[in-house]
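The values are calculated or read from the model by the stated rules, or taken from the named source; none is laboratory data. All of these numbers come straight from a predicted model, not from anything done at the bench. Glycine also receives a Cβ, built like all others from the backbone with ideal geometry; neighbour counts cover every protein chain displayed. In case anyone asks, the SASA skips ligands and DNA or RNA and just uses the protein heavy atoms, side chains included. Shrake-Rupley method; radii C 1.70, N 1.55, O 1.52, S 1.80 Å.
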2 protein chains.
Amino acid sequence: MKIELAKDYGFCFGVKQAIKKAEKIRDAATIGPLIHNNEEINRLNVNFNVKTLENIHELKDEKKAIIRTHGITKQDLQELKQKDIEIYDATCPFVKKPQNICETVSKEGYEVVIFGDENHPEVKGVKSYVSTKSYVILDEKELDNVKLPNKIALVSQTTKKVQKFMQIANYLMLRVKEVRVFNTICDATFKNQEAIEELSKRSDVVIVVGGKNSSNTKQLFLIAKNNCEDSYLIENEKELKKEWFEGKKHCGVSAGASTPDWIINKVIEKIEKI
Amino acid sequence: MKIELAKDYGFCFGVKQAIKKAEKIRDAATIGPLIHNNEEINRLNVNFNVKTLENIHELKDEKKAIIRTHGITKQDLQELKQKDIEIYDATCPFVKKPQNICETVSKEGYEVVIFGDENHPEVKGVKSYVSTKSYVILDEKELDNVKLPNKIALVSQTTKKVQKFMQIANYLMLRVKEVRVFNTICDATFKNQEAIEELSKRSDVVIVVGGKNSSNTKQLFLIAKNNCEDSYLIENEKELKKEWFEGKKHCGVSAGASTPDWIINKVIEKIEKI
């Protein structure tokens, strides 16, 4: 069986930068997981004493706080600044963009449609910068019964699918006079998506490696599944099952933006043995 | 044979308003045809002494100038204001919108993509209000080799097809960080298009009545032709041919936004006789 890695996969710029920062800062706490990958979070805890808190209220005698890649809300940031603690910002620059856009356009009077999961920390953070009204949606139909204003801005969670983003933009174009479309889907996400789209069409089994709470990993998995029925999402090599590969000729492999190379390598080694 | 008029067709608000104005003003000259319908232009000339000039330089001893529904360029308007002549503005309010948008957004630093025919008077007028850079296109591919700036505004000639407009918007979304999409396609155009789309699917012959220089009429004709091979574009009843209707069971009829009812009625009477 041939094993082929997608042309683009795994760690993005924002994640790489955040991990490098955390390793350098050491002995710190992050508010929520730094990235959506449990294995890597454990490694940072064990090797660099970077622990993960649930929320800002769990901070006690910590000296250093690291803001996670997905960012935090404007309110949490303000609260954090009032504490006696050093703040290190590891918010991905691609997540900062929709935060800044939301702040600017709502000052200019635009209401904002955010394409994303309302429970995702990135979206909670981005939304907190809207001072007018915001609508967090996953599908344009959610706006069917909403009375929209004449002008609106549209941003996206950085890890969403661009096709759906365009559908939402098209829907808005027919309903409001001005739509300011900010394509804030990050390039790494986009490239990883294109690569798995292509590879999964040529594979008879696909393994996507990444956190099950990772939005971009889930997108990769859905794209693969759409092209290749035998696609599987795993967090580490232990989850691999022998029977997945029986009679298969071509195994495609990809990984989410928060999946480190050391985990991907372990997965590939294990597949090779099978 | 059943003859069926499209649910929406013919005269739009801007055209109705302009004709009413011209009839009231009388003894005047328009810079270019007031609307794109030769029959109606002749009627205004014969009955109300409203004549049509080619351009602003043909003005001599006229006392009253009427600005056509499609608008004129900013430069022509300035020149006109310096002449000793009364100016009556019959620019369609839906055409004023993209003019105003172009003026505002280019002051804010946006370059502007205009979806339209560069030789159409409406587009020449709209374009003249852009003080940055403008790109007049009919297809997104025309931008393939253009280095676009980070932020861009998109407007449309009022009579274009909304599907293509969305295609262009989608293309831009993938290429630039911010696209301000102004859907300036007028509602009447949109409704007439939807109605002929629906009717032409159910017809075995379609007659579209309107000026052959009329952009919106041509769009209606193209939509009809796409659904019903035996579709014809005519300016008046004299162009109808007997053989078009031989063996046909269902004749759909529509008319452009600048086609007056009296012409449509004559066409229908003639078809009934055939």
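Restricting to the range A:161-174, give me the number of residues that are assigned to a helix (DSSP H, G or I) and more than 9 Å from chain B (Cβ to nearest Cβ).
5
Hey, among A:Ile67, A:Ile101, which residue is modelled with pLDDT of 95 or more and under 24 Å from A:Lys20 (Cβ atoms)?
Being modelled with pLDDT of 95 or more and under 24 Å from A:Lys20 (Cβ atoms) holds for just one of A:Ile67, A:Ile101, which is A:Ile67.
Give me a count of the residues in the range B:129-160 that are assigned to a helix (DSSP H, G or I) and of a type in the set (A, V, I, L, M, F, W, C).
Adding up the residues that qualify gives 1.
Out of A:Glu229, A:Glu198, A:Glu194, report the one residue that is outside the structural domain of A:Lys160 (by the TED database) and without any contact (Cβ under 8 Å) to a residue 12 or more places away in the chain.
So the residue among A:Glu229, A:Glu198, A:Glu194 that is outside the structural domain of A:Lys160 (by the TED database) and without any contact (Cβ under 8 Å) to a residue 12 or more places away in the chain is A:Glu229.
Being out of contact with any strand residue (DSSP E or B) (no Cβ under 9 Å at 6 or more places or on another chain), surrounded by 22 or more Cβ atoms within 10 Å (Cβ to Cβ) and either away from chain A (no Cβ under 13 Å) or in a helix (DSSP H, G or I) (or both) is the filter here; which residues of the range B:184-212 pass it?
Listed by number, the residues that qualify are B:Ala188, B:Thr189, B:Gln193, B:Gly211.
Could you please find all residues in the range B:165-183 being open to solvent by 10 Å² or more (accessible area, probe 1.4 Å) and touching a Ser or Thr at 6+ places or on another chain (Cβ under 9 Å)?
Listed by number, the residues that qualify are B:Lys177, B:Phe182, B:Asn183.
Enumerate the strands (runs of 3 or more DSSP E) found wholly within the range A:1-113, keeping only those where 1 or more residues are among the charged types (D, E, K, R) and under 30 Å from A:His250 (Cβ atoms).
Of the strands (runs of 3 or more DSSP E) lying wholly inside the range A:1-113, those with at least 1 residues that are among the charged types (D, E, K, R) and under 30 Å from A:His250 (Cβ atoms) span A:2-5.
Please go through the range B:10-26 and give me each residue that is farther than 25 Å from B:Asn192 by Cα and either surrounded by 24 or more Cβ atoms within 10 Å (Cβ to Cβ) or in contact with a Phe, Trp or Tyr (Cβ under 8 Å, 6 or more places away or on another chain) (or both), ordered by number.
Across the range B:10-26, the qualifying residues are B:Glu23, B:Ile25, B:Arg26.
Looking at this structure, is A:Lys107 out of contact with any Cys (no Cβ under 9 Å at 6 or more places or on another chain), of a type outside the set (A, V, I, L, M) and assigned by the TED database to the domain that holds A:Lys151?
Considered against the rule, which asks whether it is out of contact with any Cys (no Cβ under 9 Å at 6 or more places or on another chain), of a type outside the set (A, V, I, L, M) and assigned by the TED database to the domain that holds A:Lys151, A:Lys107 comes out as yes.
Conditions: (1) in contact with a helix residue (DSSP H, G or I) (Cβ under 8 Å, 6 or more places away or on another chain); (2) under 21 Å from B:Lys127 (Cβ atoms). B:Lys97 meets all but one. Number of the miss?
Checking B:Lys97 against (1) in contact with a helix residue (DSSP H, G or I) (Cβ under 8 Å, 6 or more places away or on another chain); (2) under 21 Å from B:Lys127 (Cβ atoms), the one that fails is (1).
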